[in-house]
Each structure stands twice: as structure tokens, then as C-alpha cells.
Amino acid sequence: MYEIIISKSAAKFISNLPKGYKNKIREAFVSLIENPYSYPYKKIRREINLYRIRIGNYRILYEVDKDNKRIAILKIDKREKVYE
């Protein structure tokens, strides 16, 4: 099992989302805790441990630290803004 660490900006973004999206993101986090590669994810090109998950119009960027069994949720935002 992995530990999830959520950045302050990601936590703030989640708190402002509608309830339906909050539930979908929570489900994604539960899936990530068990296996960071089980939820439909994509690796970010030219990055070593950076991945993204698509949930509707939103993207979750996260980094996996296999040695310490940690997942860092770096950013959650709309598709056009998350990669900035």
C-alpha cells in the first residue's frame, strides 16, 4: 500500500469542486493507494516518475516514489491549465 501526499494547491482545488467530482477523485485516490498503476493513467513524456489521470475535464498530476511507497499529488486542474 502506498501513502498519498496531497499538495496544498491540489487540496484547495478539490475543496472547490462539485460533490460528484470530489467523489470520483476520492475513488481514484483509493485505487492509487493500492496500486499507482491500476487506474487508467498515462506517463508524462520526458519525465521520470510523473503520471496523469483524467477525470472528466480535470487532470491529476502525480509522482510515484517506489522506494518509500509514496504518491505525491502535485496538481489538479482543468486540462488546459494543469500542464503550465
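Every residue, every condition in (1) without any contact (Cβ under 8 Å) to a residue 60 or more places away in the chain; (2) touching a Leu at 6+ places or on another chain (Cβ under 7 Å), yes or no:
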| site | (1), (2) |
| --- | --- |
| Tyr2 | no, yes |
| Pro18 | yes, no |
| Tyr21 | yes, no |
| Tyr37 | yes, no |
| Ile48 | yes, no |
| Arg59 | yes, no |
| Tyr62 | yes, yes |
| Lys66 | yes, no |
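Filtered by the rule that a residue be surrounded by 11 or more Cβ atoms within 10 Å (Cβ to Cβ) and not charged (D, E, K, R), segment 1-22 gives Tyr2, Ile4, Ile5, Ile6, Ser7, Ser9, Ala10, Ala11, Phe13, Ile14, Leu17, Tyr21.
Just one of the listed residues (Asn57, Asn49, Asn35) is surrounded by 11 or more Cβ atoms within 10 Å (Cβ to Cβ) and either under 22 Å from Glu80 (Cα atoms) or out of contact with any Lys or Arg (no Cβ under 6 Å at 6 or more places or on another chain) (or both), and it is Asn49. Once segment 31-84 is narrowed to residues that are over 13 Å from Ala10 (Cα atoms) and hydroxyl-bearing (Ser, Thr, Tyr), the residue that is modelled with the highest pLDDT is Tyr51.
The values are calculated or read from the model by the stated rules, or taken from the named source; none is laboratory data. All of these numbers come straight from a predicted model, not from anything done at the bench. Because the Cβ atoms are built from the backbone with ideal geometry, glycine has one as well, and the counts that use them run over all protein chains shown.
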